[in-house]
Structure formats: C-alpha cells, structure tokens
1. State whether one or more residues within the range 38-47 are in contact (Cβ under 8 Å) with a residue 24 or more places away in the chain, in contact with a helix residue (DSSP H, G or I) (Cβ under 8 Å, 6 or more places away or on another chain) and not polar (S, T, N, Q).
2. Just to verify a result, which residue in the range 63-75, among those that are loosely packed, with under 15 Cβ neighbours inside 10 Å and not charged (D, E, K, R), is farthest from residue 103 (Cα to Cα)?
3. Name the pairs whose Cβ atoms lie under 7 Å apart, with the first residue in the range 112-126 and open to solvent by 50 Å² or more (accessible area, probe 1.4 Å), the second in a helix (DSSP H, G or I), and 6 or more positions between them or separate chains?
4. Just the residues that are within 18 Å of residue 80 (Cβ to Cβ) and part of a loop (DSSP other than H, G, I, E, B), please, taken from the range 93-126.
5. Can you confirm whether residue 18 is basic (Lys, Arg) and either open to solvent by less than 60 Å² (accessible area, probe 1.4 Å) or part of a loop (DSSP other than H, G, I, E, B) (or both)?
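The values are calculated or read from the model by the stated rules, or taken from the named source; none is laboratory data. These numbers were taken from a predicted model, which means no experiment stands behind them. Virtual Cβ from ideal backbone geometry, glycine too; neighbours counted across all protein chains shown. Calculation scope for accessible area: heavy atoms of the full protein, side chains included, ligands and nucleic acids excluded. Shrake-Rupley method; radii C 1.70, N 1.55, O 1.52, S 1.80 Å.
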Amino acid sequence: MSWQSYVDNQICQHVDCRLAVIAGLQDGAVWAKFEKDLPKQITQQELKTIADAIRSNPNSFLEGGIHLGGEKYICIQADNSLVRGRKGSSALCIVATNTCLLAAATVDGFPPGQLNNVVEKLGDYLKANNY
C-alpha cells in the first residue's frame with residue numbers, strides 16, 4: 001500500500017479533513033498529503049519543526065502553539081508521541097511513530113474524538129509494524 005493510500009483511505013475516508021499528512025520523523029519530508037482550503041501549503045520545515053519539538057520538548061507547543069499549513073493551532077495536549085490542538089471548532093491530531101509523523105486537521109465542527117480515534121489507531125498500527 002502506498003503512503004498516499006493511507007492518507008486517502010485510512011484518514012480522509014473517515015474524517016472530514018482540511019489537511020492530512022504523513023512525513024518522515026527525522027527530516028519532515030512529506031511522504032503523502034491532502035490539503036483543502038489552507039492559507040499555505042504544508043511545508044517540510046513546518047513538519048520538521050513539529051517532529052523536533054515532539055522528540056525534544058513537546059511542552060513548547062503549549063507556549064507557542066502548533067503551526068501547520070500556515071495556521072496556528074492552540075495546543076491542548078502534548079507529549080513525546082501525541083499532540084492535540086484546536087483552532088476555533090477545527091481539531092488537530094498529530095502522532096509520532098517510530099519513523100513517521102501523522103497529522104490531520106478537521107473542517108470546522110467535525111467531532112474531535114472521531115479524528116483522534118482514526119489518527120491514533122493508524123499510529124498504533126504503524127508502530128506495531130515498525131514504522
């Protein structure tokens with residue numbers, strides 16, 4: 001299965017997304033993505049900054065927020081493998097696995113619990129398969 005099919009079939013099929021991305025944990029290189037109505041395209045630098053902060057100082061998200069797709073999300077939870085954020089009624093969930101970063105954000109009003117469930121389960125699956 002290609003990485004793009006994980007984004008399309010495992011995330012976007014179950015969540016009404018504004019963005020969904022899978023990227024390398026070391027360098028932030030985009031492996032697959034989906035973007036809809038974002039102010040800016042998702043960049044490798046944004047993803048590398050997120051990946052570095054998750055590994056070294058996840059609490060930095062609580063102070064400075066989470067920047068992705070040209071938007072700033074307020075951090076509501078952060079640790080070394082999971083970050084959750086909000087921007088208005090849009091939810092953001094980021095999971096770090098052994099080798100990659102999964103991130104998805106919903107359109108306004110989509111239930112954050114459903115987003116978290118989908119992204120975290122995919123993260124668990126990838127971790128179990130050494131990704």
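1. Initially, the range 38-47 is screened for residues in contact (Cβ under 8 Å) with a residue 24 or more places away in the chain, giving 38-42, 47.
Adding the requirement that they be in contact with a helix residue (DSSP H, G or I) (Cβ under 8 Å, 6 or more places away or on another chain) leaves none.
No, every residue in the range 38-47 fails to be in contact (Cβ under 8 Å) with a residue 24 or more places away in the chain, in contact with a helix residue (DSSP H, G or I) (Cβ under 8 Å, 6 or more places away or on another chain) and not polar (S, T, N, Q).
2. Step one: list which residues in the range 63-75 are loosely packed, with under 15 Cβ neighbours inside 10 Å, which gives 63-64, 70, 72, 74.
From the residues that got through so far, the ones that are not charged (D, E, K, R) too are 64, 70, 74.
Values: 64: 18, 70: 14, 74: 15 Å.
Here the answer is 64.
3. Matching pairs, first to second residue: none at all.
4. 97, 98, 99
5. Numbers: basic (Lys, Arg): yes; either open to solvent by less than 60 Å² (accessible area, probe 1.4 Å) or part of a loop (DSSP other than H, G, I, E, B) (or both): yes.
Against the criterion (basic (Lys, Arg) and either open to solvent by less than 60 Å² (accessible area, probe 1.4 Å) or part of a loop (DSSP other than H, G, I, E, B) (or both)), residue 18 qualifies.
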